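Derivation of every value follows stated rules applied to the coordinates shown; laboratory data play no part. Worth saying up front: this structure is predicted, and the values here are computed from it rather than measured. Cβ atoms come from the backbone with ideal geometry, glycine included; neighbour counts cover every protein chain shown.
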Amino acid sequence: MKLKKILILLVIIELILIGSLLAYVFADRGNPGGIGLKPTNPNTENPYWFIYEAKPGEKISDSLIIKNYENTPVEITLRFADATEEATLKDFTLKTNDDTQEHIGSWGGMLSESIITLGPKEETTVNFEIDIPENTSHKEYYGALFGSYVVPHEEGTQLVTVLETGARILLTVTDTPRTIEHYDKWIGRNKVPEYLLYSGIITIGALIFIVIAQQPSLFKKL
């Protein structure tokens with residue numbers, strides 16, 4: 001009887017773990033406000049970044065998803081920018097509009113309008129290209145594609161706030177580019193936390209052990 005109670009408890013725990021895992025994997029990671037930019041075709045290395053490898057002289061064609069999470073329309077200005085010379089993946093800083101853009105900031109361009117207006121909660125897809133010059137040196141180039149927009153304030157106020165949000169671009173120029181793997185779509189592509197995975201494995205193992213302990217005759221017949 002005691003083993004049966006433990007078995008029931010473990011089954012309940014397992015159902016909770018499975019529910020938590022599914023909720024996490026399929027959760028919407030969207031922004032609670034402002035605007036959001038993300039690749040249309042998320043890669044498996046970092047879905048929220050654009051990661052490319054290409055040869056000198058090649059042209060990269062891609063697209064991004066832009067969503068307005070505000071309850072009011074927003075006008076978004078899209079542009080590319082180089083990362084600064086000192087930028088690292090941990091300390092990722094970009095050049096400003098006043099700085100000279102030498103690589104990604106000058107190679108990238110929108111295939112449609114660079115200024116778009118989105119209604120409340122509206123989402124759209126925008127195409128772009130990165131045209132790598134023939135004589136480009138073989139190395140890694142950091143940059144970003146981002147949008148700037150004016151935050152709406154109460155009517156009658158003169159305060160204007162401009163915010164920017166974007167996605168990093170990591171481009172490796174090489175004569176032997178590797179293939180970057182991508183997911184088919186965004187749904188269900190969140191990484192499963194290790195504690196959920198290991199807890200599930202341990203619980204399943206405990207269930208198997210209890211079944212064996214309760215029904216040893218099943219294994220004697222094998």
Can you sort 169, 12, 104, 132 so the residue with the fewest Cβ neighbours within 10 Å comes first? 12, 132, 104, 169
Based on the alpha-carbon set only, what is the convex hull volume of segment 35-173 divided per residue, in Å³? 120
Treat the count of other C-beta atoms within 10 Å as a stand-in for reagent exposure and order 92, 128, 50, 80 from fewest to most. 92, 128, 80, 50
Through the Karplus equation 6.51 cos²θ - 1.76 cosθ + 1.60, θ set to phi - 60°, convert the phi angles of segment 46-60 into ³J(HN,Hα) values in whole Hz; use x for Gly and Pro. 7, x, 8, 10, 8, 10, 9, 9, 8, 8, x, x, 7, 10, 9
When 64, 145 are ordered from fewest to most other Cβ atoms inside 10 Å of their Cβ, what list results? 64, 145
Between residue 91 and residue 131, 0.36 nm times their residue separation minus their Cα-Cα distance comes to what? 11.8 nm
